[in-house]
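The values are calculated or read from the model by the stated rules, or taken from the named source; none is laboratory data. This is a predicted model, so every value here is computed, not measured. Using ideal geometry, Cβ is built from the backbone for each residue, glycine included, and neighbour counts are taken over all protein chains shown. Surface areas here come from the heavy atoms of the whole protein model, side chains and all, with no ligands, DNA or RNA. Shrake-Rupley method; radii C 1.70, N 1.55, O 1.52, S 1.80 Å.
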Amino acid sequence: MASIWVLLSPWIPYFFSFIAFLLLLEQISYIKKKRFLPGPTLVFPFLGNVIPLVTNPTKFWDLQSALAKSTGHGFSVNYIIGKFILYIHSTDLSHKVFANVRPDAFHLIGHPFGKKLFGEHNLIYMFGQEHKDLRRRIAPNFTPKALGTYTDIQQRIIIKYFKSWLDEASKSPNTPIPLRLLCRDMNLDTSQTVFVGPYLDGESRKRFNVDYNYFNVGLMKLPVDLPGFAFRNARLAVGRLVDTLSVCVEQSLNKMKNEEEPTCLIDFWMQENLREIDEANINGLQKPFQYTNKELGGYLFDFLFAAQDASTSALLWAVVLLDSHPQVLEKVRSEVAKFWSPESEQPLTAEMLREMKYLEAVAREIIRIRAPATMVPHIAGEEFRLTEDYVIPKGTIVFPSVFDSSFQGFPEPEKFDPDRFMEERQEERVYKKNFLAFGAGPHACVGQKYAINHLMLFIAMFTALIDFKRHKTDGCDDISYIPTIAPKDDCKVFLAHRCTR
């Protein structure tokens, strides 16, 4: 041992000098990219500011937003695990990013380490004509007919969960119930049933729920891809989830070949794919696409991810905002009562929801003032001139803030005011560019009609069937990242039956 030390000791100063040189290069690289922009003057070696990001993401992103607003540039910078990041507050600059998703500009990544987590073959990483064709084939999944089918499914599941919530509340009427996990479980059940319907049996659903929880936990952890770490568990879970969904795709395809009636989203999708293939065969053309079941399973997972956490966030904020604005709550209940009664045997239909204009305005205002996914991360595939005096370096992770955009343009943006989305006010048209909760450009959310429909249905049924009151404590409504935003106290409420059903 001593002889080894004797051999190595002359090299030790060189080793530490080399490490110091690398650390110096890292700081110089950061400062060169940062230039005149607001952000940390120096950063912790390699890790950067990942510890503050993981331990208190709300404070971290609030600081980035404040720095971006502190100058006229509209953006700020930071450094996370060897990655230079740029946070965009300005709506106009966010649109510039959304409009330039292409191989030689910005690549949508969904998560700072998304390709490791989701895999290379993913809907959000697609460009050009291939991406346009896929979105065109997805569109029939969200027609009025399809949404009507989904509404029936959603309503049955929502009522089932409401009954269980109320049963739990009745056991301890003086104890508030945190809704976050309850809403998450309800949404996971809803998403699974709407997207793949009868193709997931009871055992598959249990495994699916366990794996999705692994995935959710890993999203907010350090990206350490080693055994025993949450990020590795999440990555492996995504693979299993996609495999499960791939089996559902195959089963649906076989069912649609028998010309049976679609009962879930994958059925509508496979029906459209088969129609397009038959049309090509009739016209003597080649098969118009070559999607494998695994690829389609991956796309289904994209839908699930987009629908699940963002929807849970929206439902929680709906409860918070309606509780704190009783006049809005009363107007919602009055409008719902005009079209649907809980005592009737008639279900609440998609057609009824389309007639509830005030309810839709409430849903849109909830999403505006509490955009569930506050940022949409992209990576700069090449250098990109963002402004006259700043070029984004290649490899930079760019975070356009759709949350910040919601508080620009609109009159009194901090005020919860659903009337701004009513036709007579026309704020949605005038300030359309500031309503970015569903993104913009070629990767704008393809399922936004489904998302709004689901939120409207939840609000209509929750307000009609349940009396609720928030358990108010200091800071209970503060924003917490999980990874979408939710009330800090997990939305604790007192629940009671409003009527029988």
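Things to note:
- Meets criteria (open to solvent by 70 Å² or more (accessible area, probe 1.4 Å), farther than 15 Å from Leu304 by Cβ, part of a helix (DSSP H, G or I) and touching a residue at least 24 places away in the same chain (Cβ under 8 Å)) for Arg156: no
- Among residues of the stretch 467-501, those that are among the hydroxyl-bearing types (Ser, Thr, Tyr) and surrounded by fewer than 16 Cβ atoms within 10 Å (Cβ to Cβ), counted: 2
- Selection of the stretch 450-479 for residues being part of a helix (DSSP H, G or I) and over 13 Å from Gln154 (Cβ atoms) yields Thr463, Ala464, Leu465.
- Residue within the stretch 323-344 that is under 21 Å from Asp477 (Cβ atoms) and among the polar types (S, T, N, Q) present: yes
- Identity of the residue in the stretch 342-352, in contact (Cβ under 8 Å) with a residue 24 or more places away in the chain and over 30 Å from the mean Cα position of the chain (by Cα), that ends up farthest from Tyr150 (Cα to Cα): Glu343
- Among the residues listed as Glu279, Glu250, Glu330, Glu261, the single one being open to solvent by 40 Å² or more (accessible area, probe 1.4 Å) and touching a residue at least 40 places away in the same chain (Cβ under 8 Å): Glu250
- Residue in the stretch 363-382 that is within 19 Å of Lys96 (Cβ to Cβ) and of a type in the set (Ser, Thr, Tyr) present: yes
- Yes/no for Ala310 being part of a helix (DSSP H, G or I), aliphatic (A, V, I, L, M), modelled with pLDDT under 95 and surrounded by fewer than 17 Cβ atoms within 10 Å (Cβ to Cβ): no
- Output for the stretch 160-174, where each listed residue is touching a strand residue (DSSP E or B) at 6+ places or on another chain (Cβ under 9 Å) and small (Gly, Ala, Ser): Ala169, Ser170
- From the options Phe84, Phe60, residue that is free of Cβ contacts under 8 Å to residues at least 40 places away in the same chain and of a type in the set (Phe, Trp, Tyr): Phe60
- Matching entry among Gln290, Gln271, Gln251 (being polar (S, T, N, Q), assigned to a loop (DSSP other than H, G, I, E, B) and more than 30 Å from Lys357 (Cα to Cα)): Gln290
- Of note, Val217 satisfies the criterion of being over 17 Å from Lys115 (Cβ atoms) and of a type in the set (A, V, I, L, M, F, W, C).
- Of the set (1) open to solvent by less than 100 Å² (accessible area, probe 1.4 Å); (2) at pLDDT below 90; (3) within 19 Å of Phe84 (Cα to Cα), all apply to Lys33 but (2).
- Where strands (runs of 3 or more DSSP E) fall entirely within the stretch 376-432, those with at least 2 residues that are open to solvent by 10 Å² or more (accessible area, probe 1.4 Å) and not acidic (Asp, Glu) are at 384-387.
Residue-by-condition table, conditions (1) open to solvent by 60 Å² or more (accessible area, probe 1.4 Å); (2) part of a helix (DSSP H, G or I); (3) at pLDDT 85 or above; (4) over 30 Å from Ile88 (Cβ atoms):
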site: Pro112; (1), (2), (3), (4): no, no, no, no
site: Ile124; (1), (2), (3), (4): no, yes, no, no
site: Arg136; (1), (2), (3), (4): yes, yes, yes, no
site: Tyr150; (1), (2), (3), (4): no, yes, yes, yes
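- Boolean, Arg429 is over 21 Å from the mean Cα position of the chain (by Cα) and without any contact (Cβ under 8 Å) to a residue 40 or more places away in the chain: yes
- Extreme residue, most open to solvent (accessible area, probe 1.4 Å), among residues of the stretch 193-226 that are in contact (Cβ under 8 Å) with a residue 60 or more places away in the chain and over 21 Å from His111 (Cα atoms): Pro198
- Elements of type helices (runs of 4 or more DSSP H) in the stretch 26-107, at least 2 residues being under 30 Å from Glu130 (Cβ atoms): 91-98
- Residue within the stretch 83-102 that is more than 21 Å from the chain's Cα centre (by Cα), buried (at least 21 other Cβ atoms within 10 Å of the Cβ) and over 24 Å from Gly409 (Cα atoms) present: yes
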